[in-house]
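Scroll down for the structure; my scribbles are underneath it.
No value in this document is a laboratory result; all are computed from the given coordinates. As the structure is a prediction and not an experimental result, all values here were calculated from the model. For neighbour counting, all protein chains shown are included, and Cβ atoms are generated from backbone atoms with ideal geometry for every residue, glycine included.
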Amino acid sequence: MRPTGSAAELEARRLRAVDLLRDGKSNTEVARLVGADVSSVKRWKRAVAQGGVAALAAKPNRGRPPRLTLEQMQSLASLVRTGARAAGFRSDLWTCRRVAQAIRDRFAVTYHPDHVGRILHALGFSQQKPQRRASQRDETAIERWRKSDWARIKKRAGDVKLSSSFSTKRASSSSR
């Protein structure tokens, strides 16, 4: 299991271990001080003996290269910002499936729609859920109603009073 920390932090830990070894500390003591296993300290000691301190330098973890270039990613971000209609879709709603299709059409690169969400997140986009509203909705009429009629018909907690015939207590046993 890989220890926690960035590559630079782990390299600094290895270099500190070598300094402690040079100061005459034992492998066990160095391992305890830097928070590593004794076998790791032995491996670092052997690496320094064979290749010098440069052998402890952090090695980049390259991984698989991305299929889209940086320019293509920037182009994709601007495409998403312009809207789905501009990309040829009927509505202006972007879905991961639509973005995957746009990537396939424009860049000839295929991504699974689930992965497209990760790409969009890396570009700074977040999931949005559109509000469902009727296309015939008249905002000015709604606001006018809210200010005049709603204020008149709205019930407040203090406005409702219990009638005297209603009692919250249980009927006594003598009335049965």
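Restricting to segment 79-136, what's the tally of residues that are among the polar types (S, T, N, Q), out of contact with any Gly (no Cβ under 9 Å at 6 or more places or on another chain) and within 26 Å of Pro65 (Cα to Cα)? Write out each step before concluding.
Going residue by residue through segment 79-136, those that are among the polar types (S, T, N, Q) are 82, 91, 95, 101, 110, 126-128, 131, 135-136.
Within this subset, residues satisfying the condition of being out of contact with any Gly (no Cβ under 9 Å at 6 or more places or on another chain) are 82, 91, 95, 101, 110, 126, 128, 131, 135-136.
Now narrow it down to the ones that are within 26 Å of Pro65 (Cα to Cα): 95, 101, 110, 126.
Looking only at that region, the number is 4.
Give the residues of segment 45-75 that are in a helix (DSSP H, G or I), over 16 Å from Asp19 (Cβ atoms) and without any contact (Cβ under 8 Å) to a residue 40 or more places away in the chain, sorted by residue number.
Arg46, Gln50, Gly51, Leu70, Glu71, Gln72, Gln74, Ser75
All but one of (1) under 23 Å from the mean Cα position of the chain (by Cα); (2) outside any loop (DSSP other than H, G, I, E, B); (3) surrounded by 12 or more Cβ atoms within 10 Å (Cβ to Cβ) hold for Ser78; state the number of the condition that does not hold.
Only one criterion in (1) under 23 Å from the mean Cα position of the chain (by Cα); (2) outside any loop (DSSP other than H, G, I, E, B); (3) surrounded by 12 or more Cβ atoms within 10 Å (Cβ to Cβ) is unmet by Ser78, namely (3).
Just give me the residues in segment 91-125 being under 18 Å from the mean Cα position of the chain (by Cα) and either basic (Lys, Arg) or in a loop (DSSP other than H, G, I, E, B) (or both), in sequence order.
Answer for segment 91-125, where residues must be under 18 Å from the mean Cα position of the chain (by Cα) and either basic (Lys, Arg) or in a loop (DSSP other than H, G, I, E, B) (or both): Thr95, Arg118, Leu123, Gly124, Phe125.
Is it true that some residue in segment 141-153 is touching a residue at least 40 places away in the same chain (Cβ under 8 Å) and either in contact with a Phe, Trp or Tyr (Cβ under 6 Å, 6 or more places away or on another chain) or part of a helix (DSSP H, G or I) (or both)? First the steps, then the outcome.
We begin by selecting, within segment 141-153, every residue touching a residue at least 40 places away in the same chain (Cβ under 8 Å); these are none.
Within segment 141-153 (the criterion being touching a residue at least 40 places away in the same chain (Cβ under 8 Å) and either in contact with a Phe, Trp or Tyr (Cβ under 6 Å, 6 or more places away or on another chain) or part of a helix (DSSP H, G or I) (or both)), the answer is no, since none of the residues qualifies.
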